[in-house]
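Encoded as structure tokens, the structure appears first; notes follow it.
Just so it is clear, none of the values below were taken in a lab; they were calculated from the coordinates. Every value quoted in this text rests on a predicted model; they were computed, and no experiment measured them. A quick note on method: Cβ atoms are made from the backbone with ideal geometry, for glycine too, and the neighbour counts reach across all protein chains shown.
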Amino acid sequence: MSDNSTAEHTARIADLLSAHPWVARARPAPDGGVLVVPHPSAVAASPQPGPLLREHLEQWAEVYEWVYETGEGRHADDLDLSGWRASDTGAPLPEAHMRDWVDRTLDLVLAQNPTRLLELGCGTGLLAHRLHPRLHGYVGTDVAQVAVDRLTTAGLPRTAFVRAAAHETAASQVWNAMDAVFGPDALPDCVLLNSVTQCFPDLAYLTAVLHGALSAVENGGTVIVGDIRHSGLLLDHFSRLERARDPEANDTTIAARAAASAEADEELSFTPAAVSAALAAQPRPVRMSVHARTMAEDTELTRYRYDVVLHVGPHTGGPGAQRVRRTSWDEHRGSSTREALRTALRGGPVVVHGIPNALLRDAPGAVTPYALRQALDGADAAVLLDVADPRTLAVAAPAHCAPTAAEDAPMPSGPAAHEPFLLFARRRLPEVLRDHLRQAEPYTTPPAITVVDGIEDGHP
């Protein structure tokens with residue numbers, strides 16, 4: 001085939017691809033392939049997920065349906081740890097560590113004094129089994145039918161479980177379940193999403209889910225987003241994994257491998273500033289606090305993850321209206337951690353800031369989140385993550401002085417998130433389009449199809 005014929009053939013293929021409803025633009029590439037930009041309707045997160053984004057969500061639903069069905073980590077009805085494995089070894093995470101993980105999450109949730117709780121992505125019920133006795137009512141949703149069926153069969157009092165995705169808070173089955181458990185037209189005073197955001201495709205979907213959760217919760221309630229992977233620590237995470245795999249490699253090699261692994265990561269991670277940006281269009285004021293994970297063991301669940309609590313509606317004053325004093329950890333760290341905190345927290349409300357996280361920084365005065373929790377010894381206080389620097393901790397006392405206006409979160413110096421959806425689109429959309437071409441021109445060999453976003457294609 002001549003060069004002209006090849007160019008004409010590729011141009012015709014591009015025209016055929018442009019006609020596909022999932023494609024916004026297609027044009028010949030210099031290497032003889034075709035560059036494709038997905039259509040906005042195919043990748044939209046709202047008002048309903050577009051078909052390509054929906055396939056990403058369904059892929060995760062299938063994964064968890066299989067994981068829960070096999071039940072390889074099922075220790076008991078109320079302790080099913082299926083799917084909880086270490087990234088470095090692939091081995092199940094220690095049971096004691098996972099119990100600590102559960103307990104710390106319970107502490108955070110119960111500190112908000114919920115009575116009616118809606119959990120989006122309840123999984124095997126690690127939290128449901130432990131929360132429902134402390135609540136007037138609990139409703140859980142999950143995309144895995146096997147999990148919903150098992151929890152329903154368990155017959156936990158004052159609970160209901162329905163199959164629904166995280167963005168479906170307004171779905172009839174969710175509202176019917178809440179009416180049945182909470183009472184007609186009663187709203188939850190807490191919406192919980194724990195260890196589910198890593199399965200989200202991108203920030204647009206995260207924003208849609210948060211807006212749905214905030215619309216569902218009553219004024220004065222909270223939305224808790226727990227066990228979030230921090231994108232600012234993604235390279236740290238993969239550098240540690242690569243070093244464990246190859247202890248003799250030089251730093252340059254480890255850095256290159258870690259960067260490639262982070263780029264190819266198929267889970268969503270994001271900064272607290274990304275959450276703040278997602279709340280920008282909310283009609284009600286929202287205050288936000290960012291919490292460190294304070295488990296005893298040093299694992300990826302402690303090092304690289306954090307929790308966010310969103311307080312919804314006008315701040316009503318009271319003790320939280322007092323001026324909050326800020327003091328630097330450097331001014332107090334000469335003695336033991338317990339004594340330093342006791343001195344620093346005297347005369348609150350106060351936030352002690354600038355505490356280096358010993359899990360991530362070798363610096364004077366560095367302390368682990370666990371050591372801070374132990375030193376507080378049950379005091380009314382919260383161990384926080386610095387919004388601008390995830391390697392730095394803070395302590396707020398009393399705990400209710402931790403939240404600040406969500407819009408005040410500082411922007412990070414690097415990207416606000418690592419979004420895996422484009423990776424999925426680059427793999428899945430060419431498969432769909434090659435099938436489309438085989439039907440349109442069954443005797444034509446499809447050229448290479450490369451998915452790009454609009455900016456890469458020269459369009460905003």
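Across the stretch 144-154, coupling constants 3J(HN,Hα) worked out from phi with the 6.51/-1.76/1.60 Karplus curve, θ = phi - 60°, read 8, 4, 4, 5, 4, 5, 5, 5, 5, 5, 4 Hz, and Gly and Pro carry x. The phi-based Karplus calculation (6.51 cos²θ - 1.76 cosθ + 1.60; θ = phi - 60°) puts the 3J(HN,Hα) values of the stretch 203-220 at 5, 4, 5, 4, 4, 4, 5, 5, 4, x, 5, 5, 5, 7, 7, 6, 4, x Hz, whole numbers, x for Gly and Pro.
A cut-off of 5 Å between modelled amide H atoms, ignoring neighbours fewer than 5 places along the same chain, links Ala24 with Val37, His39. Near Phe200, the amide H atoms lying under 5 Å from its own belong to Leu268; only residues 5 or more places off or on other chains count, and H is placed 1.01 Å from N. May I ask what percent, to the nearest 5, of DSSP beta bridges between residues of the chain are antiparallel? Taking every DSSP beta bridge with both residues in the chain, the antiparallel ones total about 55 percent. In sequence order, the stretch 379-392 has phi-based couplings of 5, 6, 7, 10, 8, 10, 9, 4, 5, 8, 9, x, 8, 10 Hz under the Karplus curve 6.51 cos²θ - 1.76 cosθ + 1.60, θ = phi - 60°, and Gly or Pro positions carry x. For the chain, the Cβ-based charge dipole about the Cα centre amounts to some 1200 debye (Lys, Arg positive; Asp, Glu negative; other atoms uncharged). Computed from Cα positions, the angle between helix 172-182 and the longest principal axis of the chain comes to roughly 10 degrees. Give me the angle, in degrees from 0 to 90, between the Cα long axis of helix 95-110 and the longest principal axis of the Cα atoms of the chain, rounded to the nearest 10. Orientation of helix 95-110: about 70 degrees from the principal axis. For Asp80, nonlocal amide neighbours, meaning residues 5 or more places apart or on other chains whose placed amide H falls under 5 Å from its own, are His75. In the chain, the longest principal axis of the Cα atoms and the axis of helix 234-245 are about 80 degrees apart.
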